[in-house]
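What follows is a single structure, written as structure tokens, with notes after it.
Every read-out reported here was derived from the displayed coordinates using simple, explicitly stated rules and does not represent laboratory data. Being a predicted model, the structure only gives us computed values, none of them experimental. Here Cβ is always computed from backbone atoms with ideal geometry, including for glycine, and neighbour counts include all displayed protein chains.
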Amino acid sequence: MQRRRIGKTSLAVSDICLGTMTFGSTCDETEAFRIMDRAVEAGINFFDTAEIYPVPPDAEWVHRTEEIVGKWLKNQSRDSLIIATKFTGPGHGWFVPPVREGLTGVDRHHIRRAIEGSLRRLQTDYIDLYQTHWPDHDFPYEHTLEVLSELEQEGKIRYAGCSNETPWGLMKSLSQAELHGTIRHESIQNNFSLINRRFEDSLADICRREQVSLLPYSPIGGGVLTGKYQDGQFPAGARFTTYLEKGPRQQAMVQRFVNEKSLATTAELLGLAKELDINPAAFATAWSKQHDFVASTIIGVNTADQLEEILPAADCTLTDDVLVRIDEICGRFPYPLG
């Protein structure tokens, strides 16, 4: 497992990060422990979670993921691991989060409440990378950054990052950090995969020029790139199968990820992966981590067996010829996720 620096920080993380958003919902505590143990054994030192995990966010199981990670973490060498978590974004936008009565914000009150809860559940006294789960573009960035700077000075966090951010939002946050002398966003955690390459349009250039690292999530497109949804299939227990039974927000996500363009792209990529004798999940992950603006690619699994399918990506480097063929395939089906 190779290690890369996040942004301008001293954090040297494995180029594969273990995401934990299924822990406590579709993955129970026993299996989560097996997954985390195997991840460390394979050389992964970077773990990502959030205060509203597991997903889909639900009051029935909110906070369970951090609790599970915390139980496991207390028996590990804390200094050997890089732990990232996220505080909830504004609750007046695209959905109402199941924390703090849904009245969440990115202000001092809510960030302070969030950090104390995460530290308690994770059973640690500091967070290596503390991220805004999604932004509030109508709230002054400098106010949020000032609070994060206070937490850094108090030793509760080491560095800050953002997630689900836009080009304008990332540049605005960086300019305000420079103007006010606060902590800055060293990373951005956005969706990025072979069926969602929008990050390359402008955010990739910002990351390169400003030395901000992408921590891409959903590198296998929510499971689409494994081929499990080809030919109209919706396997029992699969994420988007269960989402069909949820509310309008989850159902809309199914339509966004599982559509004619995404399935057509996947069909050709599966053929290429088979030709190269590479597991599709490892193939998609290898492509993700091969970008110069990526520090670590976040993978998510429900079982230790699924982790084994992805781990070969650690030693996989796609040749220039293969990358050209991938670009040709993606070029025939631009923007599958819209």
- Message: Beyond a 26 Å Cα-Cα separation, which of these cross-linked pairs lie in this structure: K86/K246; K74/K156; K8/K261; K8/K86?
- Response: K8/K261
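Under the rule a/c < 1.5 gives rounded, and otherwise a/b versus b/c splits prolate from oblate, where does segment 1-60 land using the Cα gyration tensor? Spell out each step's value before the answer.
Details: a/c = 3.90, a/b = 1.58, b/c = 2.48.
Verdict is oblate for segment 1-60.
Treat segment 134-203 as a sphere of radius equal to its Kirkwood radius over Cα pairs and apply Stokes-Einstein at 20 °C in a medium of 1.002 mPa s; give the translational diffusion coefficient in µm²/s, rounded to a whole number. If you can, show how the numbers build up before the last one.
Working: Rh = 12.8 Å.
Once the numbers are plugged in, D ends up at 167 µm²/s.
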- Query: Near the amide H of I188, under 5 Å away, which other amide H atoms are found, from residues 5 or more places off or on another chain, if H is placed in the peptide plane?
  - Reply: C162, S213, L214, L215
- Task: Convert each backbone phi in segment 125-141 into a coupling constant with the Karplus relation 6.51 cos²θ - 1.76 cosθ + 1.60 (shift: θ = phi - 60°), then list the ³J(HN,Hα) values in order as whole Hz, x for Gly and Pro.
- Result: 9, 7, 10, 6, 9, 10, 10, 6, 5, 8, x, 10, 6, 9, 10, x, 4
- Message: Nearest 5 percent is fine: what portion of the DSSP beta bridges confined to the chain is antiparallel?
- Response: 15
- Per residue Cα convex hull volume for the chain, in cubic angstrom? 126
- Message: Suppose a student asked you for the relative contact order of the chain, using Cα pairs under 8 Å spaced at least 6 residues apart; what percent would you report?
- Response: 18
- Using alpha-carbon pairs under 8 Å, 6+ residues apart, how would you state the relative contact order of segment 1-41 in percent? 26
- Message: Can you tell me, using C-alpha contacts under 8 Å and at least 6 residues apart, the relative contact order of segment 75-231 as a whole percent?
- Response: 17
- Query: Want the number for E142 to R249: 0.36 nm per residue separation, take away the alpha-carbon distance, what's left?
  - Reply: 35.4 nm
- Pick from P167, P90, P135: which residue has the top mean-square fluctuation in a GNM of the chain where Cα pairs under 10 Å get a spring? P167
- Only Lys, Arg (+1) and Asp, Glu (-1) charged, at Cβ; segment 260-336 dipole about Cα centre in debye: 240
- Note on the structure: Expressed in µm² per second, the diffusion coefficient of segment 1-156 from the Stokes-Einstein equation, with Rh the Kirkwood radius over alpha carbon pairs, at 10 °C and 1.306 mPa s, is 99
- Item | Cβ-Cβ FRET estimate between T319 and Q211, R0 fixed at 22 Å, reported to 0.05 | 0.20
- Task: Quick one: what are the phi-derived ³J(HN,Hα) couplings along segment 185-190, Karplus 6.51/-1.76/1.60 with θ = phi - 60°, whole Hz, x for glycine and proline?
- Result: 7, 8, 9, 9, 9, 10
- Task: Pop a pseudo-label 7 angstrom from the Cα along the beta-carbon direction at both E41 and N75 and give the gap in nm to one decimal.
- Result: 1.4
- Task: Starting from the Cα gyration tensor of segment 200-311, take the square roots of the eigenvalues, sort them a ≥ b ≥ c, and report rounded, prolate or oblate (rounded when a/c is under 1.5, otherwise prolate if a/b is larger than b/c, else oblate).
- Result: prolate
- Task: Return the aspartates and glutamates within reach of K228: Cα separation strictly under 19 angstrom, same-chain partners fewer than 8 residues apart disregarded; answer none if there are no such residues.
- Result: E245, E260, E268, E275, D277, D305, E308, E309
- Which whole-Hz couplings ³J(HN,Hα) result when phi for each residue of segment 169-182 is put into the Karplus expression 6.51 cos²θ - 1.76 cosθ + 1.60, θ = phi - 60°, listed in order with x for Gly and Pro? x, 5, 5, 4, 5, 5, 5, 5, 5, 5, 5, 9, x, 9
- Note on the structure: Here the FRET efficiency for Q153 versus D277, based on Cβ atoms and R0 = 51 Å and rounded to 0.05, is 0.50
- Assuming a viscosity of 0.692 mPa s and a temperature of 37 °C, what translational diffusion coefficient in µm² per second does Stokes-Einstein assign to segment 137-292, Rh being the Kirkwood radius over Cα pairs? 186
- Could you calculate the FRET efficiency of D231 with R4 from 1/(1 + (r/R0)^6), where r is the beta carbon distance between them and R0 is 41 Å, rounded to 0.05? 0.65
